Each structure stands twice: as structure tokens, then as C-alpha cells.
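Readers should treat all values here as calculations from the given coordinates under stated rules, not as data from a laboratory. Fair warning: this is a prediction, and the values are worked out from it, not measured in the lab. Note that each Cβ is placed from the backbone with ideal geometry, even for glycine, and that neighbours are counted across all protein chains shown.
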Amino acid sequence: MTTVDIAVPVPARRPAPRESYLNVAHTVKSWALTTDHKRIGILYLVTTILGMALGGVFALVLRTEHLSPGPTIVDAYTYNRLFTMHGITMVWLFMIPSIPTAFGNFLLPIMIGAKDVAFPRLNLLSYYIYLLGSIWVLIALWAGGCDTGWTFYAPYSTHSPSAVVPTVFGIFILGWSTIITGVNFIVTIHTMRAKGLGWFRMPLFVWAMYGVSIIQTLATPVLAISLLVVGIDHWFDWGLFDPARGGDPVLYQHLFWFYSHPAVYIMILPAMGVIIEVVCTFSHKNPASYKAIAYSTLGIAFVGFATWGHHMFVAGISVFDAAAFGVLSMLVAIFSAIKVFTWVLTMRRGSVVVTTPMLYFFAFLFLFVFGGMTGVAVATQSLDVHWHDTYFVVAHFHFIMVGSTMTAWLAALHYWFPKITGRMYPERLGYVGATLVFSGFFMTFFPQFLLGNAGMPRRYYDYAPRFQPLHVVSTVGAWILGAAMIWTLTYLLVALFRGERAPANPWDSRSYEWLTPSPPPKHNFVREPVFTRDPYDYTVPAEEVHA
Amino acid sequence: MPEHVAGHFEDMEKQAHAARFGMWVFLGTEILFFSGLFALYIGYRVEHPRGFDVGVEHNTLVYGSVNTAVLLVSSYFVALGVHELRLGRNRLSAWLVGITILLGLAFLGIKTAEYLHHFSEGIYPGGSGRFFEEHRDPGLKMFFTLYFCMTGLHAIHVLVGCGVLAFLLYKVATRSIGAWAPHPLAIGAIYWHLIDVIWIFLWPLFYLVTGRVR
């Protein structure tokens, strides 16, 4: 049967929307079994946000518990399990995967002009391993949670009555997800770069992804084996860290921190990568020194492997070792300072536009420098003996890894929101959100420096009444921070459906990902890209870039 | 002849390069995975030199050495298998990979016999069993716990390696890989060699090196 329609007036319709990675298919299967790096990035983004929400709820309960000395809303055992699960969720479910898996997955291939990552199916597998690991951690939570602290220090972790085995096994699984992503990114950067894209023409975010992938592939397996041994010890009682059977608990600390200190750089290097992109775009200027950023990224990645001992100054390592680890740790501060000065100098004589991502950059800069300088302080042996295991350390690492990573993550979320969703976010609501996030964060953790210096030990359920005022300030700060996060995620969710349509390059950037339409087509570029200029070359007018 | 260039690669050569490179990076991960246990071995051997000496002397040299030979020969066969595949001789290549798998299984068989021998002597991981009632040195307990952990983890890798090679054997036999794209087998072989290399380090640590002259 044939239908012939001649001269039937066609009702006026809106032009069909351009095909993008979002509308090529709409089925659940097209998302669940996708090998498109952009869709996998979205899956990761959603799942890591859920992880952050869970960790955030734990944090709010913890802080509320500290409103008054003694029992407030939970008992001591629950408190121990809460701070452990807070650490585990925030570190392994949110901060480590957050930027590389969501934004790295989405942007890395586009930034190097590739159609996809080198191993798209492994990429999907990595997501499902991450999901399985997360579910496993939730099962552990359901089984009562773990009360050892996120560090699982032996010998307590090998005998704790809580659900140690499922917890460490969940993290073991999560580790392999991180490793696969790392291998995938390294190979992608080495082998998939488009013609004309030399190493020193890559966007600096790609350098950050390269540095972080090296750490992911080389440090994570050490965590995997250490936690496996803790799990075996707990389950079968083989006593690998039991002194009565020839073991040594301090050796566990060495192994754990061999991973977990570089893990801090797994969290911060991607954040630094986001920051340089944001600074260059909104200053409309090339970075003050491209090579300084690129090399300091590698410097942090490598020196990071030789600093773990600074966690163990009071664990019985020799004074000489402690001094050596202290000095090596300060080397990281030198590389970080190179980055800080480069970011700030990049703004000099640029055309700075203050947008929400830029506000987050200012917040990042403050938190990172503050957290970094206190880091140099605690890397000093004599000072660390005083501050060790106090709230000072808690405040320090929340400033440097949580504050910096979270502000950079939020900067990334806003900066690339138009590219990812094809919509603009509301700028004014963004200003409010950024201000609230920073105020809440500062109010939560700055008092903790003072508490720690005054002698408040970390992980304690109870505290002396004289600490109460600072604890109350900190708790109120945490509530503000929580409200700010809800505020931010709410307006972004609304903007996802109601936001103004975004052009290809709303920020007037020169970086490569803005060359493709927003949202990008399935294979990233309409035409095969040829890179003939640098990603930060603002001497080229925008019209020529898009010609 | 089937061409299997994935859509996001320009040509087979680039795809093969990416795959080989990915395996090399992953081998780095594997080495660091084992290195945690090697670090424990070093730490505890320095703390308990005597216990470790007694342990090494107690282990049966023949078991360890025959197994070393078995693994080395298996690596030879898989390398030959890759060579033949590159020349397009799928049938011969499949046979060689098959021999490799059999040798891998032989290794596991010998390892199992050795474990059973240990159990019959009353040596179990975690320092339990009647052997340790006579030998109370904590270093000796740790030696055997590490022995079971490290050779056990290695044995799991041998098992996984056999599975990977069996999958590749199927691919070679059904001619879905061949001279036009030999890299999947080459990558599997690299992984098999790594398993071999790890054993090359386990062999002296558990069978050969003592601080005393025998």
C-alpha cells in the first residue's frame, strides 16, 4: 500500500531539534548499556551526587551530635560508625571519582578531538564496577556499618565487632573501577589525540587527568591489597598484623598511607585542572605559564608517592625518617605554590568576568592556600606532635581536599553545564549559592582549627564544655553548607528543564570543547577537528574560531 | 577476512597499539598489587630473619623448582603461539595455546599437592596447626601465612590467566583473530608472562634464599 499526499498543508511545527548525544535515543537501555563516554560521564555524575548526598547526611548528623557535650542525638557506637561511613562515602563514593569520572569522561575525548575513549566498553564496565562497589558499601551500612574510621587501622580493624569485611570488600571493588578508568585515560591521552594536537597543546585539564590517572593506576592497587589483607585478617583471623604471630600494625599504616596520601592528589589534581580552565576562560587570557602548570601537575603526581610517612610522625617512625618525609611533603607545597601563582598571574591584565564558576575559583583559591599552608605546618614534625589526631588536622584536610575539591567540582558543574545539558544555569542564583557554600564551609571548618589547637581530639564522641561555643558555630556552618548544596542542586535541576538554550560557546572561550555544539553530537564533532592553534589563544577573535 | 576496527579508531594498527599499551599500564597496576605483599615479606623478614630461614629450609625445593620450570616452559609455548598466529597459522597457534593452558593447570595441580603436603604436616595459614606447637617462632608463623597468601594470590592469577587464554584459544580456533589482528593473543601472552615473572620472584623468596649456608 502506498500513500500519496499531494499539497496537503503541513501544520507549522518547530524545527526538529539538532541531533545530540542526549536525544539520539531515549530508552533506559540506551543509557544503561551505552558506550558513549558522554553518557557514561552523566551516569557517573548522577551516582556520585547521590554518594555525596549520603555522605552529607552523615556529616549533618555528626555535626548535630556535637551541638552539646555528651549524648545529643546518637549513642557513642553509632557516632563511631557514622564518622567512619561519612569518611568512606565522601572519599570513595564521591571525591575520588567525582571530577575524573564525570567531567573527565565527558570532556577528555572532546578536548583531544577523539570520538571516544580508547576502551569504551571497559569504560562502561568501570561504571558498573563502581555501582557494584557502592551497593556493597550500602550493604555494609545496612549490616550495621563499620566503626574503625576510614583508615581501618590495624589491629583494631582486624577485631572490630562492626561490619569490617563487607566494607573493605566494597572499597576493594571500587578501587578496580578507579584503576580501569585510570588505564583508560592514560591510553586515551597517549593514542587518541587528533592530528596537530601535540602534548603541549592539550588543554591543561587533560594534563590533570593524565597526572591523576598515573596515581590511580599505581596507588590504588596498594590500597586494594592492604584492605584485602585487613579483610582476610578479620574474617579468617590469620594475624598478618598481629605481633603475637610475627606481624606489625605499623606496617599496615605504611601500606595504607602509601595509597591514601597519593589519594589526596587523586582528589586535588582534577580540581586544579578544572580551575585553570575556568581562570583562563573567564580572564580571556592564556595561562601565565602553560608549562609551569603541566610540569607541576606531574611533579605533584610523582612526589606524592614519597610523602606518606607524614601521617605517622607519632606512630613510632624514627626522627630521621619523619624529618625526611616532612621535607618531601613540603616539596608538594612548592609545586602547589607554582600553580597558585600561575592562576593568579593569569588573571593579571585579563578581561576578568565574574561568573559563578569564577566565584568558586576565588573560594577555591582561599581554601586551597589556607589548607595548603596549614598542611606545611602539620608536615613539620615538632608542630605535628601537638596537632596530631586533633581537630586541627580534621580542619586542615577538610580545607585542602574537601573545600578545594568541592568548590572546583561546583565550578566545573556550572562551567560545563551549558556544554553538557545545552541549557544555561541562572547566574544570580549561582552567585547566592556560591556565597552560601563558601560561608557555610568556612564557618564549619575554621572553628575546628581553633578547637584542635586548643586540644580537642578528633573522632571523640564527648568533649569538655569549654569547647561548646566553637562546636555550635561549626554545626550551624554545616547546616548552612547543607542548605547551600540543596539550593544549588535545586536550581540546576530546574535549569536542566527550564534553562535558556545555550549556544556552542557561551563563555567566549577558546578551549577545544567549546568548538562543538552544546550539547555535543554523538560523535563529539560535526566535522573532524583539526587543531591549528592553542586552546588558550585569545589573540584569535571568536568569530574566526567558529568559522 | 573479518576486520574488527572499532568505530573510534582510524585503523587496526592504532587500535592494536592502544590495546597493547593498555595492557602494559595494567601490568604496572598488577605489580603494585603484589608489591603490598612483597613489602610485608621484606618488613617481616627483616624483623624475623631466623624464622624465615627455617621456613625456607622447610619448604620442599623440588615442588617449587619443578613448578618454576613448568611455568617457564608454558611461557615459551604461548610466545611461540603468538609467533605462529602472526604468520597466519591459526591451527598450530591454537595447539600451542592449548599446551600453555595445560601447563598452567599442571602448575596448579603441583601447587595443590604441595598445599596438601603442608596441611598434612599441620601447617595452616594464620599460624594454626600442630607444626607450630613444636615451632613457636612467630617469624615462622608469619612466613607460612605469607607463603599461603602470596602463592595463593599468584595461583588465582594463574587460574584467571588460564581462563583468558582459553577464551583466546577459542578466538584463534574459530579464526576471529588471525594474522590481520594478532594483538589480542599477544596481549594475553604478555599477561601470562607477568604471572610467570611474579613466580620468578616468589621462587627464591620461599624456596631458595636463606641467610645460612645449607
Label points 7 Å out from Cα along the Cβ direction at A:VAL540 and B:GLU134: separation in nm? 7.9 nm
Peptide B:33-44, shielding by other chains (average Cβ, 10 Å cutoff): 6
Selection of trypsin sites (Lys or Arg not before Pro), the range A:179-274, meeting DSSP coil and at most 14 other Cβ within 10 Å: A:LYS195
In Å and from the alpha-carbon atoms only, list the Rg and Dmax of the range A:35-545. 22.3, 73
If r is the Cβ-Cβ distance from A:PHE200 to A:GLU19 and R0 is 30 Å, what FRET efficiency results, to the nearest 0.05? 0.30
Could you check the simple spin-label distance between B:SER120 and B:ILE200, using points 7 Å along Cα→Cβ, in nm with one decimal? 3.3 nm
Partner shielding of B:131-142, as the mean number of partner chain Cβ atoms within 10 Å, equals 2
Convex hull volume of the Cα atoms in the range A:395-547, per residue, in Å³? 152 Å³
Mind checking the mean number of beta-carbon atoms from other chains within 10 Å of the Cβ atoms in B:8-14? 4
Just need the relative contact order of the range A:102-177 here, percent rounded to a whole number, with Cα pairs under 8 Å and 6+ apart. 36 percent
Taking 0.36 nm per residue of separation and subtracting the Cα-Cα distance, what length does fully extending A:ASP75 through A:VAL472 add? 141.1 nm
Listed residue (A:THR89, B:MET12, A:HIS159) projecting farthest to the positive dipole end of the protein assembly as shown, Cβ model: B:MET12
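Helix-only mean residue ellipticity at 222 nm, the protein assembly as shown, DSSP H runs n ≥ 4 weighted -39,500 (n - 2.57), per residue, nearest 500. What is it?
Computed mean residue ellipticity for the protein assembly as shown: -22500 deg cm²/dmol.
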Tell me, what is the percent relative contact order of the range A:35-545, built from C-alpha pairs under 8 Å that lie six or more residues apart? 17 percent
Neighbour-count ranking for A:PHE256, B:PHE9, A:PHE305 (other C-beta within 10 angstrom, fewest to most) reads A:PHE305, B:PHE9, A:PHE256
By count of other Cβ within 10 Å, fewest leading, how are B:GLU47, A:GLU427 ordered? A:GLU427, B:GLU47
Can you pull the one-decimal nm distance between simple spin-label points at B:ARG86 and A:TRP235, each 7 Å off the Cα toward Cβ? 4.2 nm
Which of A:MET90, B:MET142, A:MET373, A:MET192 has the fewest other C-beta atoms within 10 Å, and how do the rest follow up to the most? A:MET373, A:MET192, A:MET90, B:MET142
Hull volume per residue for chain B, using the convex hull of the C-alpha atoms, in Å³ is 120 Å³
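With +1 on each Lys and Arg Cβ and -1 on each Asp and Glu Cβ, and nothing else charged, work out how big the dipole of chain A is about its Cα centre, in Debye to the nearest 20.
1440 debye
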